[in-house]
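Working notes, structure below.
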Amino acid sequence: MAGEEEIGTILFGLLVLIIMAKVAGLLCEWATRASNGKVVIPSVVGEIVAGMVIGNTVLKEFLDLTDNGEIFYVLGQLGVIFLLFAVGLETPYSELRKVGKTAFYVAILGVIIPFFGGLALFMALNYGMNEALFVGAAMVATSVGITARVIKDMKLMGAKESRVIIGAAVIDDVMGLIVLSMVVGVAEGGSGGLIETLIVASEAVLFVLAIIFLGGYISKVRGKRKKPVVEMGEACAPTTPEGRTMSTSAMSIALILCLGLSYFAIYFGLAGIVGAFLAGMLFAEFRDKFFCQDKIEAINEFFVPFFFLSVGMEVNIADFGSVLVLAIVLTIVAIVTKFIGCGLGAIKMGGKSAKIIGSGMFPRGEVAMIVAWIGLDAGIVEGEVFSMVVFMAIATTLASPPLLSYYFKKKYGNTKEMKF
């Protein structure tokens, strides 16, 4: 009987959390529509705010989240793993070869300058090296999902600046994983001396590069066969005369690949999300045969909100009173370094295009939150630093859409009449 009561408590907690997450997400979508797209508020922001409300009020005790914390922790872990797998599905390795030199330069400078900007800021503030490294890694991120959503809503996917932004954001994700791999390796191997630290970091980076090399090889082989490519947005489909695999089989393979590479990533000293992202990119190469994106999105609909709720619950609102000024400074540094770095990478396209690309690249979104959460979960960063990074991620996400829209209109005028 006691077991049934415990299950009932857990089910009630799940029910309340899902309802709060969905209501918060819908409110963000409503606010976006009410402003005619001038202010884009992603649903993840609402989910994080809902988590902050739960974690800083009596709701946490009322829902018995402390005693059942491990269950919700696992759900959040699965959520972030499936989220990064889905992001990887939008990024086949073959697409990395098509983004051009400009996108590559934008990505490189958009990684180096923000990383060292965040690192230098926190070293100047007398934080430890590990904390400074994690903040630098969080500064590297670009939320390709949020950026793509804004550009798509503005009907500007055909603009040359848009192609550069999306391509550079994809490269940013890959480079960000390598930076995160090195940071995790240094942080976890730091207690064993310099040699052990270098070994751990090298193993992590080699794992990432090996999967990227494998993906590139598969892409090259499949490219020679000249099979038709099917858009990832198409629904899962059963076997057809063309020989496409049934969605159930595709889904099983996708889950095995996702969970398998996530495990091996952890085995090699990385975060599980690194393996999940690489698995998504690897699986994306078979999108002309396997149709399962709809089912992946259905899984994410349930699991992903638990991650962002858990991020919000870890934020102590009381911390903002003491670190609000530093959080604002961090946000300014995040915006300026990304704007300058990515703008310089695109300067050959002209000043107006460079401003468009710079403003489209600085939303950190969920990627920075994931990096910060990994640091907090590993005990490498403190709650105050975590809260500052979450503040920065939300602020840059909200600041980018209006600036991006402004610079697009400044160059092209009425975007509804634009032709490319």
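Out of all the residues in the stretch 73-88, which are modelled with pLDDT of 80 or more and either among the β-branched types (Val, Ile, Thr) or in contact with a strand residue (DSSP E or B) (Cβ under 9 Å, 6 or more places away or on another chain) (or both)?
Val74, Val80, Ile81
Any residue at all in the stretch 303-317 that's surrounded by fewer than 23 Cβ atoms within 10 Å (Cβ to Cβ) and of a type in the set (Gly, Ala, Ser)?
Looking through the stretch 303-317, none of the residues is surrounded by fewer than 23 Cβ atoms within 10 Å (Cβ to Cβ) and of a type in the set (Gly, Ala, Ser).
When you look at Ser353, is it surrounded by 18 or more Cβ atoms within 10 Å (Cβ to Cβ), of a type in the set (Ser, Thr, Tyr) and under 20 Å from Val174 (Cα atoms), yes or no? It would help to see each step written out before you state the result.
Numbers: surrounded by 18 or more Cβ atoms within 10 Å (Cβ to Cβ): yes; of a type in the set (Ser, Thr, Tyr): yes; under 20 Å from Val174 (Cα atoms): no.
No.
Return a yes/no flag: does the stretch 409-418 have any residue that is surrounded by 22 or more Cβ atoms within 10 Å (Cβ to Cβ) and of a type outside the set (Asp, Glu). Show your work before the answer.
Residues of the stretch 409-418 that are surrounded by 22 or more Cβ atoms within 10 Å (Cβ to Cβ), as a first pass: none.
Checked against the condition, which is being surrounded by 22 or more Cβ atoms within 10 Å (Cβ to Cβ) and of a type outside the set (Asp, Glu), the stretch 409-418 yields no hits at all.
If I filter the stretch 378-389 down to residues being surrounded by fewer than 24 Cβ atoms within 10 Å (Cβ to Cβ) and in a helix (DSSP H, G or I), which single residue comes out as modelled with the highest pLDDT?
Filtering the stretch 378-389 for residues that are surrounded by fewer than 24 Cβ atoms within 10 Å (Cβ to Cβ) and in a helix (DSSP H, G or I), the one modelled with the highest pLDDT comes out as Glu384.
Residue by residue, here is whether (1) of a type in the set (Gly, Ala, Ser); (2) touching a residue at least 40 places away in the same chain (Cβ under 8 Å) holds:
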residue	(1), (2)
Glu5	no, no
Phe12	no, yes
Val16	no, yes
Ala24	yes, no
Arg33	no, no
Pro42	no, yes
Val49	no, yes
Met52	no, yes
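Of everything in the stretch 234-279 that's touching a Gly at 6+ places or on another chain (Cβ under 6 Å) and under 17 Å from Ile370 (Cα atoms), which residue is modelled with the lowest pLDDT?
Of everything passing the filter in the stretch 234-279, Gly269 is modelled with the lowest pLDDT.
What residue, of Gly360, Gly312, Gly321, Gly375, is over 18 Å from the mean Cα position of the chain (by Cα), assigned to a helix (DSSP H, G or I) and of a type outside the set (S, T, N, Q)?
Working: Gly360 fails: over 18 Å from the mean Cα position of the chain (by Cα); Gly312 fails: over 18 Å from the mean Cα position of the chain (by Cα); Gly375 fails: over 18 Å from the mean Cα position of the chain (by Cα).
Just one listed residue meets the conditions, Gly321.
Could you give me the residue pairs with C-beta distances under 7 Å whose first residue belongs to the stretch 355-377 and is touching a residue at least 12 places away in the same chain (Cβ under 8 Å) and of a type in the set (S, T, N, Q), whose second residue is part of a helix (DSSP H, G or I) and crowded, with 24+ Cβ neighbours inside 10 Å wherever it lies, and which are 6+ apart or on separate chains?
Ser359/Ser400; Ser359/Leu404
The values are calculated or read from the model by the stated rules, or taken from the named source; none is laboratory data. What you see is a predicted model; the values in this text were computed from it and never measured. Neighbour counts run over all protein chains shown; Cβ positions are idealised from the backbone, glycine included.
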